[in-house]
Structure formats: structure tokens, C-alpha cells
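Structure record follows, encoded as C-alpha cells.
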Amino acid sequence: MYVALAAAALAFAAPYAMGTPRPVLVQAAVFVSLAACLAVHRRFRTFVSSFRPTQRALIVAAPLAVVVGHMTYAGFPLPDWHMFSAGSGDDPVYFDLNATTRSGATIRLHPGRAASSLDRLRADARLRQRLKDLPADGSAAQLPAWRRAADLIQALAKLHNQRHADDPVVYVDVDRCTVPLDDYQGERSIRRQRVGRVEVVIENIPARP
Amino acid sequence: MTMLHEHVTWRTLGFVRFWVWAVWLYTLASDPIGDLAVLPRAELHAVGVLSWLPADWLNVVYIDGLLLGGKTVLLLFIAAAMIGVRPYQTIAVLAAIGLTFYQGIVRSYSYVDHNELVLLYAAYILAVCPANGAIGDWQRPPDYKPDDRSPAGSAALLALTLVMLATYAATGAYRFAHATPGIFTSNTVEAWCAARAHGHSTFGFTAGSVLLEHRWLIPVARVGFALTTLFEVLAPLCLISRWFRYAWLVVIGSMHAASLPMMNILFLENVLLFPVVMTDVGRWWPRVVRRVSRIAHRVSPRGLAE
């Protein structure tokens, strides 16, 4: 155990010994330290060496592929694992899709519920990508980027209408909403700015369950 | 002290195989993948193996009927792998490749997120080991009994555990190397929670705004986030210390439990893998089987007669 700790400390100290540590070296040091801890643990080493060569190869190669994919390839199916590592410090922004149905009712159109195959945050992430750089001063409709966002919202509304054919959505208002972190007073303190409106073409399409 | 997954029997390996494929069966069966055919093609950014296909072929992939047909065929392969139909390895490898395409098809319309990835790696690992078959070095002894120790099963579960722990270590290491200490001292945590509480989400939880309403909770959340990162970085040590593994399960389990109401984020697939990957399944599963068989024997006509 002492050898493991010494190896880990050495691997960890190396990037710092070279001056300001580069994050990628610190990351590599973390992985080397962890591998050293496992490698010098006698019981673990005995356990792993009891396997046949192909089994040992799998035990080493599988996690190595994850780490190498994370640090180099960073694409599907071996992506980077950068989640929750960046923040702007600004007030958070999200986009609201307020849909009006044929009966005049106003509902919130949820991208992930409309396109359930892209549930959780998947559909929302793509929509956010399309909307985040658009101005909220009424001039967005003139921009090609708005056309793409509108096409996506139109498709989401179409999917919603397939499941709610009795009262379909006729238009969707897109609002940019900013949550004031320092002066939050509940829902009413959220600043809303209209980005644009998407008229929904209602077609005769087969209903989905 | 015995190591995690040192005592895995063929029966236990079979249970893990059933569990992993069953989760995939549910995931795919509940996915209305035909929805993707309605989305504009301009939003399609092919990822993984799909990016190797010519653009014209992609248009064919996203036809409603083809997506549903592909889903049906893949469900059949997964069901066959789940119950261990022979030739298991051929079926399981084809199912795993099919799942890679399926996950690529979904991510091509969103982004490369991490939800089902560990489960996908688990499918590959269980496909190459004889969870119900035998090949080369992984040969199952011809006179084996279901409760015999299975080195192949130990190797497969150890590889799977290492893969899962590597994903946590990679997440923690990146955050530690690139964002520490700013990420823990700035308003990032409350900004994430507030945005996810108010923005669109599948689950509709709004507890994230509690941080802004009761500001004394903010330092608690930041300390919790830092502690989580520490346990993420050290995740592989779960393999050499049982007590660290228990602590890890408490901390990371709490993180997953809290991220649902606070941020509308659910890592369901990872959480479903915890019982078979992060616990000594080789010890508790045979006990469950013995107990269930004893009860079954007791309530059977023969058992009642005795």
C-alpha cells in the first residue's frame, strides 16, 4: 500500500514539478496514480493474474478504451466525460415553448415529451443549440438560423399533434427566459423575452399512440 | 479478504446476462424511435458508425417503417440474448452491434450524451464472454455445474466494473484538472439547478429552485458537489477496499438520487447496473436462488405433503 501511495504521489507531483500544470497532464497523472494503486495491491494483482490471457486482456483493454476515448477520440461510442465541468457564471437561460391550441388553450410544449425518443434533455439540447444565439428583440425571424429553429419546433409540434389530434397546437411562442440568481423571487422574477412565433401547419397525419 | 466478483458462479453470470439484456429490452421497447422520421433532416448530424455512411443512406435509415422494422428485429435479438438462446455469442454480438447503431441513430439528432453508454459496454462485455456459450479461452468445462465457480464470469464482471468505474473516474479527473476550484466556489451549481428546474424536462421536477429560495442550502450543495467529485476521481479504489466501496455507493448513490429532483437528470441505466456491478452479486444471488427454491419447495404439493 505504501508503494502504491508513493507511486500515486509521484505521478501526481510530476506535472506540478514542471511548473504550471497542464490539465491534460493532471488528468493523466490521476489515471496513472489510480492504475498504480490497483497494480501494486497484492490481493488484486493475484486475483487478476489468476485469469487466462484473453480474460486479462479484456480486463485491461475495456477500461483503457474508455479512458483513451475520453482523452483522444471523444466521440460516440467512446465520448469524453466532461459533464458538469463548465459554468459561465452568468444568470442561467432557458427557452420556453408556449403553445396555443385550436381551442385557445395555452400549454407548454416539452421537446423531450413531444419527441419521446429524444427524451431527458436530448431534444431540449438540440433546440437550445438552435436558439441560444438568436436575438430576443423581434428581429430573429429575419435570420436563417431562426428558419432552422422554426423547422425543428414545427416538427416537435407535429409530433405533439399526432398524439393530441383532438386539440392540436396551432402556433408556438418561443421565449428566452433568464433566471436572476442573485435576485430570485420565484417564477415571477424570471425575465422573459419573445424570440419569435412559429405557425404550425396542421396536416391529416395518422395518430400515434 | 476476497475481492469483488471473486466468487461468481455460472448461474450468477447467467443472471447478470439476463439483467443487462432485460434493461436493454425495456429501453428499446419503450422508445418510440419512429418519431425521428418526422424531424428535419437538417438537424441530423451523424455520429459514430453512422457518420461513415453516405448521406443518401442516412435518409433511408430515418424512414419511419425502417426504424420500426429495425427496432423489431433488434428486440428479437435482445430477447434471444437475454434468455441465452444458442449460439449465444453470435446473437449477443449482433445485438450489441445493433444497439450501437440504435444509440447512434438517437444521438445523431441530439448530442453524444452518456445515459446508456455503460449499459452498451456491458452488452459487449457479456457478448464476448460465455454468459451462455463458450469460445476459445473462455471455454466452459464440459462437466460444469451451475453453482461451480466461473473464472470467465469473474473476469467479465471485473471488466464491467472497471469500465463503469473508469467512466466516473474520467468525469471526476476532468473536472478536477480543468475546473477546480472555480467550479465549486462559483455560482455554477445553483445555476445548473435553477436552469434545469425551470427549463423543459421529461420529469418535471422543480426542486432545483429550492437552492435559490433557501440560500443557506447553496454551500451544502457546493460541498456535496466537491465530495462527489472526490469520490468520482477515486472510483477505481472500490475494487481494493470494501469500505470505500460502501462509502462510494452512499455518496454516488445520493448524487444520482438528488440529481433527479434537483436537476431532472436520471442516470437510470447506471443505477440499474449498481446491484450487479457494484455489489458482490456472486454472493447474494445464489442465496436468493436458494431461498426462493426453498420457499417454492415448501409451497409445492410435494413439500406440503412432507
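The values are calculated or read from the model by the stated rules, or taken from the named source; none is laboratory data. Only a predicted model underlies this, so the values are computations on that prediction, with no experimental measurement involved. Positions of Cβ are generated from backbone atoms using ideal geometry, with glycine treated the same way; all protein chains shown enter the neighbour counts. Surface accessibility is based on the protein's heavy atoms, side chains included, excluding ligands, DNA and RNA. Shrake-Rupley method; radii C 1.70, N 1.55, O 1.52, S 1.80 Å.
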Within the bounds of region B:200-221, is there any residue that is touching a Gly at 6+ places or on another chain (Cβ under 7 Å) and hydrophobic (A, V, I, L, M, F, W, C)?
-> no
Selection from region B:14-36 of residues open to solvent by 20 Å² or more (accessible area, probe 1.4 Å) and within 10 Å of chain A (Cβ to nearest Cβ) yields B:SER30, B:PRO32
Among (1) open to solvent by less than 30 Å² (accessible area, probe 1.4 Å); (2) basic (Lys, Arg); (3) more than 7 Å from chain B (Cβ to nearest Cβ) - the single one A:ARG126 does not satisfy = (3)
State all residues of region A:128-144 that are over 21 Å from the mean Cα position of the chain (by Cα) and not in a loop (DSSP other than H, G, I, E, B); if no residue qualifies, say none.
-> A:ALA140, A:ALA141, A:GLN142, A:PRO144
Scan region A:49-63 residue by residue and report those that are touching a helix residue (DSSP H, G or I) at 6+ places or on another chain (Cβ under 8 Å) and hydrophobic (A, V, I, L, M, F, W, C).
-> A:PHE51, A:LEU58, A:ILE59, A:ALA62
Filtered residues of region A:76-102 (kept if within 15 Å of the chain's Cα centre (by Cα), of a type outside the set (D, E, K, R) and closer than 16 Å to B:TYR174 by Cα) = A:PRO79, A:TRP81, A:HIS82, A:MET83, A:PHE84, A:SER85, A:ALA86, A:GLY87
Does region B:75-90 include one or more residues that are surrounded by fewer than 23 Cβ atoms within 10 Å (Cβ to Cβ), within 14 Å of chain A (Cβ to nearest Cβ), at pLDDT below 95 and part of a helix (DSSP H, G or I)?
-> yes
For region B:91-129, name all the residues that are small (Gly, Ala, Ser) and either more than 9 Å from every other protein chain (Cβ to nearest Cβ) or open to solvent by 10 Å² or more (accessible area, probe 1.4 Å) (or both).
-> B:ALA92, B:ALA95, B:ALA96, B:GLY98, B:ALA122, B:ALA123, B:ALA127
Given (1) at pLDDT below 95; (2) among the hydrophobic types (A, V, I, L, M, F, W, C); (3) in contact with a Pro (Cβ under 9 Å, 6 or more places away or on another chain), where does B:LEU117 come up short, assuming only one miss?
-> (1)
Okay, helices (runs of 4 or more DSSP H) sitting entirely in region B:237-306 with 2 or more residues that are open to solvent by 30 Å² or more (accessible area, probe 1.4 Å) and of a type in the set (Ser, Thr, Tyr), I get B:242-263
